[in-house]
1. With runs of 4+ DSSP H residues as the only contributors, calculate the mean residue ellipticity of the chain at 222 nm using -39,500 (n - 2.57) per run, divided by the residue total and rounded to the nearest 500.
2. Can you give me the angle between helix 433-447 and the longest principal axis of the chain, using Cα atoms only, in degrees from 0 to 90, rounded to the nearest 10?
3. Treating only the Cβ atoms of Lys and Arg (+1) and Asp and Glu (-1) as charged, compute the dipole magnitude of region 209-345 about its Cα centre; round to the nearest 20 debye.
4. Of the options GLY44, MET32, GLY72, report the single residue whose Cα projects farthest towards the positive end of the charge dipole of region 32-90 (beta-carbon charges: Lys, Arg +1; Asp, Glu -1).
5. Can you flag which of LYS109/LYS259; LYS392/LYS528; LYS109/LYS205; LYS265/LYS392; LYS109/LYS261; LYS109/LYS265 are past 31 Å Cα-Cα?
6. In the neighborhood of GLU42, defined by Cβ-to-Cβ distances under 15 Å, what is the net charge if each Lys or Arg adds +1 and each Asp or Glu adds -1?
7. Once Rh is set to the Kirkwood radius over Cα pairs, what Stokes-Einstein translational diffusion coefficient, in µm²/s, holds for the chain at a temperature of 25 °C and a viscosity of 0.890 mPa s?
8. How much net charge surrounds GLY283 when only the other residues with a Cβ under 12 Å from the Cβ of GLY283 are counted, with Lys and Arg +1 and Asp and Glu -1?
Amino acid sequence: MPFFQSPPVLPDTWVSDVPLQEHLERLLPVDMLAGVRPQLAELGRLAATTLHDLAAEAERDQPRHIPFDAWGRRSDQIAVSPAWEELHTWQVRLGLCAVPYDTEATGYKEHARVVQMALHHLYGPSSATYTCPVAMTDAAARVLLDHADVPLRDRVVARLTSRDPDAAWTSGQWMTEREGGSDVSRTATIARQGANGSWTLHGTKWFTSATTANCALALARPEGAESGSRGLALFLVERIDPRTGESQIGDTIRINRLKDKLGTKSMPTAELTLDGAFATPVGPVEHGVRKISGMLNITRFHNAMGASGGMRRGVELAVAYSRVREATGSRLIDLPLHTETLAAMSVDAEAAFALTVRVAHLIGRAEHGTATDAEQQSLRALIPVTKLLTGKDAVALASEALEAFGGAGYIEDTGLPLLLRNAQVLPIWEGTTNVLSLDLLRAATRNAVLPALFEDLAARLGDADVVALAESVRLVAAERDRLMSDAQGWHAADTAVVQAGMRQFAIRLGRAYTAALLCEHAAYRLAKHDDDRAALVARRYVRSRLAGAAEWSRPDPAESAAILMRGHAQPQGS
Ligand code: MFK
């Protein structure tokens, strides 16, 4: 009888995800969680079955550019997988872009972003990165609500936030150009105003993701406007010209080619030529970068949700495999060093969730007018920190997840290499680690947001004042003091030295803040449920991830096994 390895069976991702359930129980009112739980339970089951299969199909059946029709006419169609279209239908039905906005109807109000994150966490890893158009659609709705004139806003936002698959639109974001990816000040696309007052765009966009979207927000420089980023304005470009009902694709919007990417291959990303595309200004024709920054802040939050959900999926699969794969006479999960590795991954995944759901909580409050000034300042700093930290950790964890499968993790038809390829976009898309580190510096120096964040961190630790966490709290507080002292030294330091140190500072800040959140959650679980699982996680994170805490680290196989077993529930009957 030949021997065959058993593949991992992805469990019901809601039932298995104990940290998700616990954090929601702390963050959402009891009635609200009771109302949304059936949807999450259904989604957890679907994510391991129907959606999982659709995603695999969409990854196999990749988009194709069809530049000309059979008769030689330019058509610039992009053929996408039917599975990709079904994944769109699912996200619309789930309300991934509606939940943040129809909050009076649902009653979610300031909690809407936490609910959105729970849905995203379950849907995202089984969506073949449909979460990318979701991110831009949500962010476009936010920008139009904040800046567009009423007619444009009313016409388009209702589409972007629709729960009806037949009516819903998606949006792209056309910002990046050849001249400068991160440096948008060099944007060369020109906006020209005709005699009748309407605007057309002329130029080339170098990265346009989800190119089949119904509309996109685009940066362009009105003719005669000053150079640099101050001269840019923001426009909405629609696939179908709203004046004529004719498609602009293949006419005033030409697709030069699809990008051949490392990952996110089921989603079309294209280079475009805009040759007189009709566009509508988003509010007055000025402050384009300031307006699109509002989009970036939402897409960066989505990026972090994608990282967090992807990390959990990587651990889920590695744990599932460790339960069925035997080596040297034991199941992998019973081998101390393997358990240690999986526990570390599980802790990092929960850390990413805790940090990102905190951002979700604060965005929800900011959008509903309940955030204090201090919370808004904290949020301004947390968005770049969260995006950069979770992006980096997601790549590291995906690599570790593949390794947990040995050679199988390196073989395409296991579906595992996708985890790493799709994770690698996270530290790049919507601002690299260095761009975001400098965004934190911008927010710290221009908007003085760090004192509020340090206060916020201290408040999280204040809520964790229990004996079981005393050593962790002391270490986090000491790291906070070091970070504050570093930041206070910036005004006297050479600018180049400050900038060169920003990545390390941002990562340390993110780790310290995350540790404080995990301690806060752990204290809640101890007090409310007499449950120390989260305390094990918080202590492990502090030991493994905080500067100066390394010497405090020693292997503890029993603790690692507990972190793993109690963080990954097995569905009954399995
Ligand atoms: C998922 C699949 C993806 C497939 C593959 C894709 C591969 C990647 C393709 C890409 O290209 S992704 C896009 C990558 N590019 C970026 O993410 C942009 C990075 N650059 C930045 O983030 C810059 O910081 C930014 C363009 C936002 C601003 O830089 P500038 O041009 O130097 O402007 P400036 O003067 O610092 O800021 C202009 C205004 O915006 C200021 O406000 P005021 O007008 O009131 O003074 C800033 O305060 C405001 N601002 C900037 N960043 C902000 C912000 N406001 C709020 N939040 C922010 N983060």
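1. Details: 20 runs with 312 residues, N = 574.
Result for the chain: -18000 deg cm²/dmol, rounded to the nearest 500.
2. Compared with the principal axis, the helix lies near 80 degrees.
3. Details: 17 positive and 14 negative charges, 73 e Å.
So the dipole magnitude of region 209-345 works out to roughly 340 debye.
4. MET32
5. Working: LYS109/LYS259 39 Å; LYS392/LYS528 33 Å; LYS109/LYS205 37 Å; LYS265/LYS392 20 Å; LYS109/LYS261 38 Å; LYS109/LYS265 35 Å.
From the list (LYS109/LYS259; LYS392/LYS528; LYS109/LYS205; LYS265/LYS392; LYS109/LYS261; LYS109/LYS265), the Cα-Cα distance tops 31 Å for LYS109/LYS259; LYS392/LYS528; LYS109/LYS205; LYS109/LYS261; LYS109/LYS265.
6. On the way: positive: ARG37, ARG45, ARG93; negative: ASP12, ASP17.
Within the 15 Å Cβ shell, the charges total +1.
7. Values: Rh = 24.5 Å.
Here the translational diffusion coefficient equals 100 µm²/s.
8. On the way: positive: ARG153, ARG290, LYS291; negative: ASP146, ASP149, GLU286.
Its environment carries a net charge of 0.
Taken together, the values in this text are just the output of simple stated rules run on the coordinates, not laboratory data. A quick note: this is a predicted structure, and the numbers were derived from the prediction, not measured. Positions of Cβ are generated from backbone atoms using ideal geometry, with glycine treated the same way; all protein chains shown enter the neighbour counts.
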